[in-house]
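Below is one structure, written out as structure tokens; comments come after it.
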Amino acid sequence: MPTETDQLLRRILTDVLGLKAGQAEGFTAETGLFGHLPELDSMAVAGLLTEMEDRLDIMIEDDEIDGELLETYGSLLAFAEAKRASA
Amino acid sequence: MTPAAWPCPTPDGGSAEEYALCCDRGRARRLLIVPALFDEANRLRRLTVEVMRRLDGAGIDSILPDLPGCNESLQPLEAQTPMGWRAAMAAAAAHFGATHVLGIRGGAMLTPGPLPGWHYAPSKGASILRQLIRARILASRETGISESQDSLLEQGLAKGLELAGFRLGPVLLGEFQGLTPVPGARIVDQDTIGGGGLWLRADPGEDRDQADALAAVLAIGIAA
């Protein structure tokens, strides 16, 4: 059963990357994000993080953002889950 | 759809020519569209123009003026201020005889108050600024330079700041932080339009269904 955060995060990535409906459903923990998806430049990453803040009701500090966080879907989801648990 | 020139007030009390994209057949119902700001203006330009085409078919004229310092404008962006932009949009509304207004995203902070109108997915100055600064921090980090929101903002308030290729002056940065949408407009949120907001996309795109939905909301509202 996907968690609410999981579902919201797939929706956010669908909107930011302009994915087709259902495409984000195929993401696994190992699906590569930054570096694998050519669309994710710094402006898009900034938009993605701001959208995560708004829709997941979390605050992300700029120094929390590093390459590892955006490496895979799994690492981004783990970060979002931890943020929401501590919010 | 044709470009038209209009006289725009400048900060020194003078006037400079600016462009507007117009669907103007001299009809009674005339919508002024205040565009989205900065990078979002580029990503939403296609949608905006597609909405204008649909409104034209519905018997409504529309005018999309450039904000001074943006798009085709010859004015320096660095010298612009939010209050100057509001004055510019009020001048455009008067020049073109607008009867209604639409503000898109950050443009919702600049719509001429007296006109009845809509705000599509309005955003606040502080969040636009935060995102632009964040993009700069991420881009700088890739080149090994460490920057922070606070230090960049401090630097910007003193001598201006370049964010995502836009050179913003100290007055704009200062006023922008507290700027919010002009009250009184009806809000059109993304759930009404359907799909994901095109301003979120990494690349400029277009969406026929979204253009249909936004044009329908406007056409029905203007006819009422």
#### Entry: Separation of the residue A:78 and residue A:20 label points, Cα + 7 Å toward Cβ, nm
3.2 nm
### Query
Can you list the trypsin sites (Lys or Arg not before Pro) in region B:1-35 that are in a DSSP coil and have 10 or fewer other beta carbons within 10 angstrom?
B:25
### Task
Write down Rg/Rh for chain A, rounded to two decimals, with Rg from the C-alpha atoms and Rh from the Kirkwood relation over Cα pairs.
0.91
### Query
Among the trypsin sites (Lys or Arg not before Pro) within chain A, which fall in a DSSP loop and have no more than 10 other Cβ atoms within 10 Å of their own Cβ?
A:20
### Message
Can you compute the charge dipole magnitude of the protein assembly as shown about its Cα centre, using +1 on each Lys and Arg Cβ and -1 on each Asp and Glu Cβ, nothing else charged? Give it in debye, rounded to the nearest 20.
### Response
1340 debye
### Task
Under 1.5 on a/c is rounded, so check that first for region B:125-179, then, if it is not, pick prolate when a/b is larger than b/c and oblate when it is not; a ≥ b ≥ c are the square roots of the alpha carbon gyration tensor eigenvalues.
prolate
### Task
Grab the beta carbon distance between residue A:66 and residue B:27, set R0 = 51 Å, and tell me the FRET efficiency rounded to 0.05.
0.40
### Query
Where Rh is the Kirkwood radius over the Cα pairs of region B:81-199, the temperature 10 °C and the viscosity 1.306 mPa s, what D in µm²/s does Stokes-Einstein return?
101 µm²/s
#### Entry: Computed lengthening from residue B:94 to residue B:146, 0.36 nm per intervening residue step minus Cα-Cα distance
14.1 nm
### Message
Let me spell out the model: positive unit charges on the Cβ of Lys and Arg, negative unit charges on the Cβ of Asp and Glu, origin at the Cα centre of chain A. What dipole size does that give, in debye rounded to 20?
### Response
420 debye
### Task
Only helical DSSP H runs with n ≥ 4 go in: add -39500 (n - 2.57) per run for the protein assembly as shown, normalise by residue count and round the 222 nm mean residue ellipticity to 500 deg cm²/dmol.
-13500 deg cm²/dmol
### Query
For chain B, what is the largest minus smallest coordinate of the Cα atoms on each principal axis, given in angstrom and ordered from greatest to least?
54, 43, 30
### Query
How high is the FRET efficiency between residue B:203 and residue B:223 when r is their beta carbon distance and R₀ equals 25 Å, given to the nearest 0.05?
0.10
### Query
How do A:52, B:1, A:59, B:89 line up, fewest other C-beta atoms within 10 Å first?
A:59, B:1, A:52, B:89
### Message
I'm a student and want to see the number: the projected area of the Cα convex hull of region B:22-117, averaged over all directions, in nm².
### Response
5.8 nm²
### Query
Taking the Cβ-Cβ separation of residue A:11 and residue B:12 as r and a Förster radius of 51 Å, what is the calculated FRET efficiency to the nearest 0.05?
0.60
#### Entry: residue B:46-residue A:55 pseudo-label distance in nm [points 7 Å out on the Cα-to-Cβ vector]
2.0 nm
### Summary
Under the 7 Å Cα-to-Cβ spin-label approximation, residue A:87 and residue B:216 lie apart by a distance in nanometres of 3.2 nm
### Query
Each residue of region B:48-63 in turn: what ³J(HN,Hα) in whole Hz from Karplus with 6.51, -1.76, 1.60 and θ = phi - 60°, glycine and Pro shown as x?
4, 5, 5, 5, 4, 4, 5, 5, 4, x, 8, x, 10, 6, 9, 9
### Query
Using a ≥ b ≥ c from the Cα gyration tensor of the protein assembly as shown (square roots of the eigenvalues), is it rounded, prolate or oblate, where a/c under 1.5 gives rounded and otherwise the larger of a/b and b/c decides, a/b for prolate?
oblate
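Bear in mind that the values in this text are calculations on the coordinates, not laboratory data. Predicted model, so just to flag it, every value in this text is computed and none were measured. Glycine gets a Cβ as well: all are built from the backbone with ideal geometry, and neighbour counts include every protein chain shown.
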